[in-house]
Amino acid sequence: MQVLIIVYELHKEPTSEDYKKVLNIIKSYDFIKIGGSEYCIYTNDSPQTVSDKLTVYFDGNDRLLVIKVTNPKQGWLSKDQWKWLNDRL
């Protein structure tokens, strides 16, 4: 299992079906929200597999980045976010 960070920008209304489908895919994993459009997920899936699942609902002007999180790491997160992350790394 690994932690992946997902950062995306969708140029769609948050109420659109594609937007909802992207969020449903992310939330189908063990996840924590980091920011507006940033999530960490805990998964056996590769970054490519996660990207392939999400980009079905993306257009040419949308953006996506999926990266494996490893130690060492640093950032400015809440206690709960750090606990979630440290428990899985």
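The values are calculated or read from the model by the stated rules, or taken from the named source; none is laboratory data. Remember, predicted model here, so these are calculated numbers, not experimental data. Methodologically, a virtual Cβ is constructed for each residue, glycine included, from the backbone with ideal geometry; neighbour enumeration extends over all protein chains shown.
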Exclusive hit being surrounded by 13 or more Cβ atoms within 10 Å (Cβ to Cβ), without any contact (Cβ under 8 Å) to a residue 12 or more places away in the chain and farther than 21 Å from Glu9 by Cβ, set Ser78, Ser46: Ser46
Which numbered condition Arg63 fails, given (1) more than 17 Å from Leu89 (Cβ to Cβ); (2) basic (Lys, Arg); (3) at pLDDT below 95: (3)
Failed condition for Tyr39, given (1) touching a strand residue (DSSP E or B) at 6+ places or on another chain (Cβ under 7 Å); (2) crowded, with 16+ Cβ neighbours inside 10 Å; (3) touching a residue at least 40 places away in the same chain (Cβ under 8 Å): (3)
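Every residue, every condition in (1) closer than 21 Å to Gln81 by Cα; (2) in contact with a helix residue (DSSP H, G or I) (Cβ under 6 Å, 6 or more places away or on another chain), yes or no:
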residue: Met1; (1), (2): yes, no
residue: Ile5; (1), (2): yes, no
residue: Ser16; (1), (2): no, no
residue: Ser28; (1), (2): yes, no
residue: Tyr39; (1), (2): yes, yes
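If I filter segment 33-89 down to residues being assigned to a helix (DSSP H, G or I) and of a type in the set (Val, Ile, Thr), which single residue comes out as farthest from Ser16 (Cα to Cα)?
Within segment 33-89, the subset assigned to a helix (DSSP H, G or I) is 47-55, 79-88.
Among the residues that remain, those that are also of a type in the set (Val, Ile, Thr) are: 49-50, 55.
Details: Thr49: 23, Val50: 20, Thr55: 15 Å.
This residue is Thr49.
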Hey, Asp18 in a loop (DSSP other than H, G, I, E, B), touching a residue at least 24 places away in the same chain (Cβ under 8 Å) and either closer than 19 Å to Val3 by Cβ or over 11 Å from the mean Cα position of the chain (by Cα) (or both) or not: no
Residue list for segment 49-60, restricted to those being crowded, with 16+ Cβ neighbours inside 10 Å and touching a strand residue (DSSP E or B) at 6+ places or on another chain (Cβ under 9 Å): Val50, Ser51, Leu54, Phe58
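With respect to Ile6, determine if the residue is in a strand (DSSP E or B), touching a residue at least 60 places away in the same chain (Cβ under 8 Å) and aliphatic (A, V, I, L, M). Please lay out each step first, then the result.
Working: in a strand (DSSP E or B): yes; touching a residue at least 60 places away in the same chain (Cβ under 8 Å): yes; aliphatic (A, V, I, L, M): yes.
In short, yes.
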Residues of segment 61-74 that turn out to be surrounded by 10 or more Cβ atoms within 10 Å (Cβ to Cβ) and not charged (D, E, K, R), as a count: 5
